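The structure under discussion appears below in the form of structure tokens.
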Amino acid sequence: MKKAIMLSVKDNVATALEDILNGDEVIIIDNDKNSIESILSLSNIKRGHKISLKNIEKDDCIVKYGFIIGKASKNIKKGQLIHVHNIESRRGRGDLVEN
């Protein structure tokens, strides 16, 4: 089984600790290396990239480290790769007002 780490209970993504292949079972662990859940990968995911922990609707916030890092640019299924093809960053944009 492959592993990914979720760093905050607020997160809806985890970071892959090793390369993950489509169809792999992925154990999600916390900072203390406790197993939180097991999910099925729906994508090939390189080490260091994000995997979705739940179904995320277009325009929903993507949360990592307990902070919003962007919003979904399309619907994302639990177990899919989250990367530039389906997330829009909020950082560095002058047209957004932070709440």
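Tell me, what is the percent relative contact order of the chain, built from C-alpha pairs under 8 Å that lie six or more residues apart? RCO, the chain: 25 percent.
Accessible area per residue was computed with a 1.4 Å probe on protein heavy atoms; LYS58 scores about 110 Å². Past the 19 Å Cα-Cα mark, which pairs from LYS54/LYS74; LYS46/LYS74; LYS33/LYS71; LYS33/LYS58; LYS10/LYS71; LYS33/LYS78? Long pairs (Cα-Cα over 19 Å): LYS46/LYS74; LYS33/LYS71; LYS33/LYS58; LYS33/LYS78. Counting only protein heavy atoms and a 1.4 Å probe, the chain has 62 square angstrom of accessible area per residue. Accessible surface ranking for VAL84, VAL13, VAL63, 1.4 angstrom probe, highest first: VAL84, VAL63, VAL13. With Cα atoms as the point set, the chain shows a radius of gyration and Dmax of 13.2, 42 Å.
The values are calculated or read from the model by the stated rules, or taken from the named source; none is laboratory data. All values reported here derive from a predicted model rather than from experimental measurement. Keep in mind that these areas ignore ligands, DNA and RNA; they rest on the heavy atoms of the full protein, side chains included. Shrake-Rupley method; radii C 1.70, N 1.55, O 1.52, S 1.80 Å.
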